[in-house]
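One structure below.
The values are calculated or read from the model by the stated rules, or taken from the named source; none is laboratory data. As the structure is a prediction and not an experimental result, all values here were calculated from the model. For neighbour counting, all protein chains shown are included, and Cβ atoms are generated from backbone atoms with ideal geometry for every residue, glycine included. With ligands, DNA and RNA removed, areas are computed over all heavy atoms of the protein, side chains included. Shrake-Rupley method; radii C 1.70, N 1.55, O 1.52, S 1.80 Å.
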Amino acid sequence: MDMHTVVVGTSGTTAEDVVAVARHGARVELSSAAVDALAASRLIVDALAAKPEPVYGVSTGFGALASRHISTDLRAQLQRNIVRSHAAGMGPRVEREVVRALMFLRLKTVASGHTGVRPEVAQTMADVLNAGITPVVHEYGSLGCSGDLAPLSHCALTLMGEGDAEGPDGTVRPAGELLAAHGITPVELREKEGLALLNGTDGMLGMLVMALADLRTLYTSADITAALSLEALLGTDKVLAPELHAIRPHPGQGVSADNMLRVLAGSGLTGHHQDDAPRVQDAYSVRCAPQVNGAGRDTLDYAAVVAGRELASSVDNPVVLPDGRVESNGNFHGAPVAYVLDFLAIVAADLGSICERRTDRLLDKNRSHGLPPFLADDAGVDSGLMIAQYTQAALVSEMKRLAVPASADSIPSSAMQEDHVSMGWSAARKLRTAVDNLARIVAVELYAATRAVEIRAAEGLVPAPASQAAVAALRAAGAEGPGPDRFLAPDLAAADTFVREGRLVAAVEPVTGPLA
């Protein structure tokens, strides 16, 4: 585990802290201000609980059952019951990093002092994270309103010492056993606390934050692969001139064009032609790469704005206000997050599509400007990268299906009390698949483009220094260069890991300088 410590205060958290806790095992601590805010808001809840008037979430049932006033002797049972009954997920287990993000972001809201949860409950949440205990959360169960109810309920169940969880060694055991092994006392929930642990957009937000981190790496990688393909196709880099992009000032477009231009600096391939009929223009998939990649970059920036707002939010219902009021609201609705999750799936699909079109062009002898068919060593005897492009095309086709928005759907629940839901969790789950697929798609283009660049180099044309660095690093990572047909899946897997881990970007930056 990373010994970096993230301190949770009252004013939200950052995307960097979410990734540190979710992926890198950073420790979590509550600030003294958070502990004070927790104690102060709890005093308000305790005072309301003592009054005869019903207060939603404190002395009433939930959702469509909110009209029932709950007597004092049944309130602890009420809080336990909401957790147990709402822990109704089904399907495969959700990834460890998603569950850790889910727990951390719920702790972030609890620590704001707007939920009425006692300090000792928040501390137990931190203790579970720090012990590396990960509740078993299932794929299905959230409609994204009221927040990610079922996933959060499975996490709350672990705090109570019930259900199953995964220990730091990866073994799934009863949660009570894991808590005992780490010296953690299960919590006994009091008024409002069960509800406060369940009402939030934490799952979809955590997946959004991690998708943004991954997509930023993939967009920079796609700028590099686009440049390599342009070079291998003997294209012109004149379309990347900054003055051309300045007259259409979308920020991402200019960034992508600059990245490509720096990768191509010093190339001996750009602008060359295999015959006496030079091309006036390259195909759209080559010429318009900055426009497509850049539009995606701008979408990422907008999604990051939404994520930042949500990271600064306190999402619960009801909420405890500083003036002592406890008020119901609709802040748990996942629409703002769901929309951008779907938007990112759309731009990821389009980026994958343009990468595949360049790969196909590299392999087609009628459009590759002198490259051998399928980049094969002995075409006919060898098939080269023919089926690598099939695999890439299959991934692109799935990406298009994943781009269909989840947030355009709604299905009523809770006896029509919750009659409009966001489906944000579903949007997040399909985006995770889309991001995984996009890494593979970019990897196939990289594998094809580097092979094509090496074939050009063997003909006496000198690639750009950054291209040479990319080729050398990819070969060192286990993805071999041109030659007779061989078992191709391991090479593609090596290229996928190389892209996914950001090693392509790291390979060229010593030549190009930092890329955006």
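Might you tell me the accessible area per residue for the chain, computed with a 1.4 Å probe and given in Å²?
It amounts to 39 Å² per residue over the chain.
Considering the options 195, 213, 249, tell which one lies farthest towards the positive end of the dipole of the stretch 167-249, charges being +1 on Lys and Arg and -1 on Asp and Glu at the Cβ, about the Cα centre.
The residue sitting farthest along the positive end of the dipole is 249.
Give the residue list of trypsin sites (Lys or Arg not before Pro) in the stretch 433-507 that are DSSP loop and have at most 14 other beta-carbon atoms within 10 angstrom.
Taking the stretch 433-507 and a limit of 14 other Cβ atoms within 10 Å, the loop trypsin sites (Lys or Arg not before Pro) found are 486.
At a probe radius of 1.4 Å, what is the per-residue accessible area of residue 237, in Å² to the nearest 10?
50 Å²
Keeping all protein chains in place and using 1.4 angstrom, which order do 60, 171 fall into by accessible surface area, from largest down?
Largest accessible area first, the residues go 171, 60.
For residue 221, what is the net charge nearby, where nearby means another residue's Cβ is under 13 Å from its Cβ and Lys, Arg count +1, Asp, Glu -1?
Its environment carries a net charge of -1.
Run through the DSSP bridge list for the chain and note the antiparallel percent, rounded to the nearest 5.
Rounded to the nearest five, the antiparallel share is 65 percent.
List the residues whose amide H sits under 5 Å from the amide H of residue 60, counting only those 5 or more places along or on another chain, with H placed 1.01 Å from N in the peptide plane.
When sequence neighbours closer than 5 places are left aside, the close amide H contacts are 55, 70.
Please compute the volume of the convex hull spanned by the alpha-carbon atoms of the stretch 380-516 and report it per residue in Å³.
Considering the Cα atoms of the stretch 380-516, their hull volume per residue is 143 Å³.
Please identify every one of the chymotrypsin sites (Phe, Trp or Tyr not before Pro) in the stretch 30-113 that sits in a loop by DSSP and has no more than 11 other beta carbons within 10 Å of its own beta carbon.
Of the chymotrypsin sites (Phe, Trp or Tyr not before Pro), not one in the loops of the stretch 30-113 has a Cβ with at most 11 other Cβ atoms within 10 Å.
As I understand it, the dipole of the chain uses +1 on the Cβ of Lys and Arg and -1 on the Cβ of Asp and Glu, about the Cα centre. Which of 232, 468, 260 lies farthest toward its positive end?
260
Using only Cα atoms, figure out Rg for the stretch 1-136 and give it as a multiple of 2.2 N^0.38 Å.
Expressed relative to 2.2 N^0.38 Å, the Cα Rg reads 1.17.
Kindly express, to the nearest 10 degrees and within the range 0 to 90, the angle between helix 119-130's C-alpha long axis and the longest C-alpha principal axis of the chain.
So the inclination is approximately 30 degrees.
Accessible surface of residue 114 in the full protein assembly, 1.4 angstrom probe, to the nearest 10 Å²?
So the heavy atoms of residue 114 present about 60 Å² to solvent.
Explain nothing, just compute: Karplus ³J(HN,Hα) = 6.51 cos²θ - 1.76 cosθ + 1.60, θ = phi - 60°, for every residue of the stretch 244-261 in order, whole Hz, x for Gly and Pro.
Ordered by residue, 3J(HN,Hα) equals 6, 7, 5, 8, 9, x, 6, x, x, 4, x, 5, 5, 4, 5, 4, 5, 4 Hz.
Can you give the Kirkwood hydrodynamic radius for the chain, in Å, rounded to one decimal and based on Cα pairs?
24.8 Å
Multiplying the sequence separation of residue 85 and residue 281 by 0.36 nm and subtracting their Cα-Cα distance, what value in nm do you get?
Additional length available on full extension: 64.3 nm.
What per residue convex hull volume, in Å³, comes out for the stretch 407-464 when only alpha-carbon positions are used?
Looking at the stretch 407-464, the number lands at 84 Å³ per residue.
When only C-alpha pairs under 8 Å and at least 6 residues apart count, what is the relative contact order of the chain, in percent?
16 percent
Give me a comma-separated list of calculated 3J(HN,Hα) values for the stretch 313-328, in order, Karplus coefficients 6.51, -1.76, 1.60 applied at θ = phi - 60°, integers in Hz, x for any Gly or Pro.
Couplings: 8, 10, 9, 7, 8, x, 10, 9, 9, x, 7, x, 6, 10, 10, 6 Hz.
Show me the trypsin sites (Lys or Arg not before Pro) within the stretch 196-298 that DSSP assigns to loop and that have at most 16 other Cβ atoms within 10 Å of their Cβ.
Here the sparse-neighbourhood loop sites are 279.
Identify all lysines with a Cα-Cα distance to residue 238 below 30 Å; exclude those on the same chain that are fewer than 8 residues away in sequence.
Those lysines meeting the cut-off are 365.
Ignoring ligands, DNA and RNA, what percent of the accessible area of the stretch 41-140 is carbon or sulfur (1.4 Å)?
Solvent-exposed carbon and sulfur of the stretch 41-140 make up 59 percent of the total.
Any chance you could look up the accessible area of residue 42 with a 1.4 Å probe, heavy atoms only, rounded to 10 Å²?
Probe radius 1.4 Å; accessible area of residue 42 about 10 Å².
Is it possible to state the helix-based mean residue ellipticity at 222 nm for the chain, with each DSSP H run of 4+ residues giving -39500 (n - 2.57), the sum divided by total residues, to the nearest 500 deg cm²/dmol? What is it?
Computed mean residue ellipticity for the chain: -18000 deg cm²/dmol.
Magnitude of the Cβ-charge dipole of the chain, K/R +1 and D/E -1, about the Cα centre, nearest 20 debye?
Once rounded to the nearest 20, the dipole reads 460 debye.
Would you work out what percent of the accessible area of the stretch 374-516, with all protein chains in place, is carbon or sulfur (probe 1.4 Å)?
58 percent
Sticking with the crude label model, points 7 Å out along Cα→Cβ, report the distance from residue 76 to residue 383 in nm, one decimal please.
Output for this residue pair reads 6.7 nm.
Among 391, 201, what's the order by accessible area (1.4 angstrom probe), most exposed first?
391, 201
Give the lysines whose C-alpha is closer than 20 Å to that of residue 192, dropping any in the same chain fewer than 8 places away, or say none.
Hits, sequence-local ones excluded: 51, 108.
Which whole number in µm²/s is D for the stretch 117-177 by Stokes-Einstein, with the Kirkwood Rh taken over Cα pairs at 10 °C and 1.306 mPa s?
Diffusion coefficient, whole number: 132 µm²/s.
For the stretch 94-207, just say rounded, prolate or oblate: build the C-alpha gyration tensor, square-root its eigenvalues into a ≥ b ≥ c, call rounded for a/c under 1.5, and beyond that prolate if a/b exceeds b/c, oblate if not.
Because a/c hits 1.5 or more and a/b fails to exceed b/c, the stretch 94-207 counts as oblate.
In terms of the Cα gyration tensor, with a ≥ b ≥ c the square roots of its eigenvalues, is the stretch 364-459 rounded because a/c is under 1.5, prolate because a/b exceeds b/c, or oblate?
It is prolate, given that a/c is not under 1.5 and a/b is the larger ratio.
What is the stretch 467-516 by shape, rounded, prolate or oblate, if you read a ≥ b ≥ c off the alpha carbon gyration tensor as root eigenvalues and call it rounded for a/c under 1.5, prolate for a/b larger than b/c, and oblate otherwise?
Oblate, since a/c reaches 1.5 and b/c is not below a/b.
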